[in-house]
Every structure is written in C-alpha cells, then in structure tokens.
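Notes follow the structure.
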Amino acid sequence: MTRQVDMRAIALFALVALLFIGTGFAQSWNTALTIFNMGLVSAIMALGVNMQWGYAGLFNVGIMGFVALGGLAAVLVSMPPVEEAWAAGGIRVLLGLVLGAATIVAAILAWSRLPKGRLRVLVMIAILVGGFFIYREVFDGGVSAIEAVNPASTGYLGGLGLPVILAWPVGGLLAAGAAWIIGKTALGLRSDYLAIATLGISEIIIAILKNEDWLARGVKNVTGVPRPVPYEVDLQRSESFLGLADRMGVDPVTFSSITVKLSYAALFLVVLLGLIWLSEKALNSPWGRMMRAIRDNETAAEAMGKDVKARHLQIFILGSAVCGLAGAMMTTLDSQLVPGTYQPLRFTFLIWVMVIVGGSGNNWGAVLGGFLIWWLWIMVEPLGLGLMQMITSGMAEGSWLRAHLIDSAAYMRLFTMGLVLLLVLRFSPRGLIPER
C-alpha cells in the first residue's frame, strides 16, 4: 500500500511538472518561472495550513492576516529608515505605543489584585479610559507629524535597512506572536467559532495595514522593497553576463529576467525543502503521533494526560509562523507591499483548496496541491478564453450568445476551482495524496 501511494505521488508530481514545462514551451519560460515561483510560495502557505488542520484539526480562516504580517516584516526590516519622519514624530509614536501597552497591563494588574466588587470595576474603567486619552494624545500627534513628511513618496517611518533575507524569519516571528495572542483567547472556542474569530482578527490586521500610513504607507503601498537577487538592469550592464548571453546565443534582456527568476526559485526551493524535511520529521515523531491522536479524539487524549489546549496553541503558532514566512517571501518576490491585494479569495479559500485537493494531513500532498491549484488559478482563465473563442468562431460577430460565452471566460477560475474540489471530494475524499 505504501509503495502504491509513493508511485501515485511520483506520478502526480511528474504530471504537475509537465504542466509547468508545457507552459514554458507553449508560452514562455518567463511565464512558467513566474507561476513556479508563486507556486513555491503557495506550497509553503499550504504547508502551514496543513500543520494546523491536517495535524490538529484547527479550522483557521485567518490565513491572510498572518501572510500580511509577513509582508509587513519585509518592509520593517529591509526598507531604509526615513530620518526626517523619525525626527518629526518617531519618538512620540513609540512612546504612545508604550503608554497603550502600559494601560492594558495596569488594567490587568488592577483586575487581578483588587478584591471583587464595585471598586475593582471602577478602578479598571478609570485606568482604561484615562490611559486611552493619554495614549491618543501622544500617539496621534506623532502620527500626524510622520505622515506629513513627504507623503507622496514616504510619509512613514521606514525600516531598519537590513538585508531582506532577515525579513523572512522575522515575518514568521511576527505571525507567531500574533498567533500566540489569538490562540490564548480563541483556541478554547468550538471549531466554527474559532473560524469566525480568526477571520475577524485577520480582517483587523489588514485594516490596520491599510489605515496606519505611518507604519507602511497604508493603501499608498511600499514599492522598491530590496531583493536578495540581482536586478535585471544590473545583469544587463555586466560584461561577463553579456558575454555569457552572447555565447549562448540568447537575448540578454530575456536571459537576465530568467536568471533572476531562477535565483528566486533556488532560494524558495531551499526554504520549501527545509520545511518539508522538518515537517516530515515532526509528523513521524512521537510528537506528531500525539497531535494526530488529539485531532482524532480530544477526549481520549485528555484522559491520557495530554494538555490539549497547550498542544493546539503550539501547532497554531507553528502553522501561522510558516504562513508569515511565506508572506515575507511573497513581498520580497513582488518587491512591494500592497495591502489591498490581501483578499480572502486569494489567501484563504485558495490555500484551503490546495490543502484539501492535495491531501489533508500529508505534507507532500499540501505541496502538490499548492503547485497544481496555483497553476490552474493562473492558466485557466486564458485557456478558457481561448476555448470560448474556438467554440464561437463560427458564430456571427454581433451574436449575443457569442458575446456572452466570451465574457463568461472571466469566471473560469471560480468554476474550475469548484469543479476540481467537487471531483476530488467525490472520487478521492482524502485528497490526491492521502494521509498514510
């Protein structure tokens, strides 16, 4: 049985590889590598969700919030600091954040140390209300000063100016910290309430990114995020690179673009393989068997002395950290942070389809689903448009049916995702590569 599963997995990965190779021959290798790189990032996101759902049965639909925190980390770590903004209001903003945190801590201490009764409630309300007004007085003044500094190109504090590679683990740490806060409050909820809570909190994170211009320019977007690979223009100015392109008989512009994409692919592949290795080791260890036992029967696991809530918190943090890492990698790939692109359809529904189609509880299945579903997501619409044009080629130019069928190609993505999900759930309900 194991050998059959292994051969099936190899055959499915070979089929997906043929899809990417066919794209390279049919369209261009630039297109194929662009899809492949985002497929690598998608596979990492699917691994993170698979840890939460496949290992522990946690229904997290707040994926895009953790991905966005990873993208924010790329800006905070790699972008150069805006000295004028720091001088104008940086200290006030930091002081305001400290005052806000101190207000919360003081309210918690007052609630825990004062005896029960009306006095405790009144003291806590007084601390929260007074602290809120002090915090806003300090914080708002600093924000206004920062956002007034050259708002057309900056209007924010910038980052630390460190190598962008460091932003990847920092993105994971930011997402892990948010997951700890969310998990401490929401993991005791039933699965449907947990889904609602994670979705709501992720929307709060996106709203903060969109509205707090001092942090990452909000909807003005941050462009020019440093890259860990050379720029195409720099390669085209290199005599050695131009000489290599001449010896190979290829166009230097196209060759430079492919070289950059291959460099990204190599970096992303190293991260993905490292995560798969760690995930497989964890899944096949006593810890992994304990997580699956908790997933299958929480009551029995608790009866055996396992701390179910602590283990759920642990896996929730790990899976969210992987999603944050993927978010930082994606922002690095795009060289820009665009909060408006963090849509639930792209970072929640799509990643869940990848995990379900690939095989929940199987790391290799999640990776397969990441590559396959992302390829379909990108390629189905142009393929659908070509199909509709071929079908309607014999119809009159002004035919309403012809116009309707061609316009319907825009919905091929959603139709295909639903169809693939339906077929997999009907004929292979445990996914293309089932959990062993």
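One residue alone among Ile206, Ile258 is over 17 Å from the mean Cα position of the chain (by Cα), on the phi < 0 side of the Ramachandran plot and either in contact (Cβ under 8 Å) with a residue 40 or more places away in the chain or exposed (fewer than 15 other Cβ atoms within 10 Å of the Cβ) (or both), and that residue is Ile258. Somewhere in the range 102-116, is a residue part of a helix (DSSP H, G or I), at pLDDT 90 or above and under 30 Å from the mean Cα position of the chain (by Cα)? Yes, the range 102-116 contains at least one residue that is part of a helix (DSSP H, G or I), at pLDDT 90 or above and under 30 Å from the mean Cα position of the chain (by Cα). Looking only at the range 214-228, decide whether some residue is in a loop (DSSP other than H, G, I, E, B) and exposed (fewer than 15 other Cβ atoms within 10 Å of the Cβ). Yes: the range 214-228 contains one or more residues that are in a loop (DSSP other than H, G, I, E, B) and exposed (fewer than 15 other Cβ atoms within 10 Å of the Cβ). Candidates in the range 285-336 are the residues that are modelled with pLDDT of 90 or more and in a loop (DSSP other than H, G, I, E, B); of these, the one that is farthest from Gly224 (Cα to Cα) is Ser285. Contact map, the range 332-349: residues that are farther than 19 Å from Ala46 by Cβ paired with residues that are assigned to a strand (DSSP E or B), Cβ distance under 9 Å, separation 6+ or inter-chain. Pairs shown: Ser335/Thr223; Gln336/Val222; Gln336/Thr223; Leu337/Val222; Leu337/Thr223; Val338/Val222; Val338/Thr223.
Selection of the range 389-436 for residues being within 37 Å of the chain's Cα centre (by Cα) and among the hydroxyl-bearing types (Ser, Thr, Tyr) yields Ser408, Tyr411, Thr416, Ser428.
Among the residues of the range 378-411, those that are in contact with a helix residue (DSSP H, G or I) (Cβ under 6 Å, 6 or more places away or on another chain) and touching a residue at least 12 places away in the same chain (Cβ under 8 Å) comprise Ile378, Val380, Glu381, Gly384, Leu385, Met388, Thr392, Leu405, Ile406, Ala409.
With the condition kept exactly as written, say whether any residue in the range 428-436 is more than 30 Å from Ala293 (Cβ to Cβ) and either free of Cβ contacts under 8 Å to residues at least 24 places away in the same chain or touching a helix residue (DSSP H, G or I) at 6+ places or on another chain (Cβ under 8 Å) (or both). No, the conditions are met nowhere in the range 428-436. Filtering the range 117-154 to residues that are closer than 30 Å to Thr223 by Cα and in a helix (DSSP H, G or I) leaves Arg136, Val138, Phe139, Asp140, Gly141, Gly142, Val143, Ser144, Ala145, Ile146, Glu147. Is it fair to say Val129 is on the phi < 0 side of the Ramachandran plot, of a type outside the set (S, T, N, Q) and touching a strand residue (DSSP E or B) at 6+ places or on another chain (Cβ under 7 Å)? The answer is no for Val129.
The values are calculated or read from the model by the stated rules, or taken from the named source; none is laboratory data. Computed from a predicted model, the values in this text were never measured in an experiment. In this analysis, Cβ positions are derived from the backbone assuming ideal geometry, glycine residues included, and neighbour counts consider all displayed protein chains.
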